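A quick write-up on the structure given underneath.
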């Protein structure tokens, strides 16, 4: 058991070591720009990635925004169960994010998609729509990259296919994005 735990932790540390600070700084710059323009930030994902989307939205929308003179406009499209189930039932599960974006999104807004495979049909469809509508697109994906990485302006690829490790690395990135402003409020001015 100790060997397995040690191996798991070593692999997680290896993955975190692959993150490029310059690439992450460009994601922070995208959020700085969105904040300055009062643009909306949307976050999507399925399963564990949906939970990460919700968690990040709280960290940016409450935590970081509490120390800023003007709050981030951030919304996780994974959180309204009634709307998601109505869209899934009346249209298709592939439409649960894109149909919400049709109500809320405007050109210049930001869409952050979180997916280990990068090929979740509902996320891909949202990214296709967002690209056509002029939204900035950030994709946090695993080693398979998928269609989301192709559609993203800023893809961040975690070089592994293990769901737990990739989702943990993605959450580290999301924490970094929120805490960039939480701990450095001047970056939002």
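Any chance segment 5-23 includes a residue that's outside any loop (DSSP other than H, G, I, E, B) and within 19 Å of residue 130 (Cα to Cα)? Looking through segment 5-23, none of the residues is outside any loop (DSSP other than H, G, I, E, B) and within 19 Å of residue 130 (Cα to Cα). Could you check, for segment 131-142, whether at least one of its residues is without any contact (Cβ under 8 Å) to a residue 60 or more places away in the chain and within 14 Å of residue 12 (Cβ to Cβ)? Yes, because at least one residue in segment 131-142 is without any contact (Cβ under 8 Å) to a residue 60 or more places away in the chain and within 14 Å of residue 12 (Cβ to Cβ). If you go through segment 112-123 and keep only what is surrounded by 23 or more Cβ atoms within 10 Å (Cβ to Cβ) and either under 13 Å from the mean Cα position of the chain (by Cα) or more than 16 Å from residue 95 (Cα to Cα) (or both), you end up with 112, 113, 114, 115, 116, 118, 123. Scanning segment 127-159 for residues that are touching a helix residue (DSSP H, G or I) at 6+ places or on another chain (Cβ under 7 Å), surrounded by fewer than 20 Cβ atoms within 10 Å (Cβ to Cβ) and either at pLDDT below 95 or part of a helix (DSSP H, G or I) (or both) yields 128, 129, 131. Evaluating residue 181 against the criteria (1) over 12 Å from the mean Cα position of the chain (by Cα); (2) under 25 Å from residue 11 (Cα atoms) leaves one unmet condition, (2).
Scanning segment 28-70 for residues that are closer than 17 Å to residue 148 by Cβ and in a helix (DSSP H, G or I) turns up 30, 48, 49, 50, 52, 53, 56. Entry remark, segment 64-78: residues being under 19 Å from residue 109 (Cα atoms) and at pLDDT 95 or above number 10 in total.
Taking the conditions (1) surrounded by fewer than 20 Cβ atoms within 10 Å (Cβ to Cβ); (2) touching a strand residue (DSSP E or B) at 6+ places or on another chain (Cβ under 9 Å); (3) touching a residue at least 24 places away in the same chain (Cβ under 8 Å) in turn, residue 175 satisfies each one other than (2). Screening residue 47 with (1) out of contact with any helix residue (DSSP H, G or I) (no Cβ under 8 Å at 6 or more places or on another chain); (2) on the phi < 0 side of the Ramachandran plot gives one miss only, at (2).
Residue by residue, here is whether (1) within 24 Å of residue 155 (Cβ to Cβ); (2) surrounded by fewer than 19 Cβ atoms within 10 Å (Cβ to Cβ) holds:
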| site | (1), (2) |
| --- | --- |
| 8 | no, yes |
| 11 | yes, yes |
| 20 | yes, yes |
| 35 | yes, no |
| 38 | no, yes |
| 45 | yes, no |
| 53 | yes, no |
| 67 | no, yes |
| 71 | no, yes |
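Scan segment 71-123 for residues that are part of a loop (DSSP other than H, G, I, E, B), free of Cβ contacts under 8 Å to residues at least 60 places away in the same chain and under 26 Å from residue 144 (Cα atoms) and the total you get is 8.
The values are calculated or read from the model by the stated rules, or taken from the named source; none is laboratory data. Since the model is a prediction, treat every value here as computed from it, not as a measurement. Don't worry about glycine lacking a Cβ; one is built from the backbone with ideal geometry, like all the others, and counts go over all protein chains shown.
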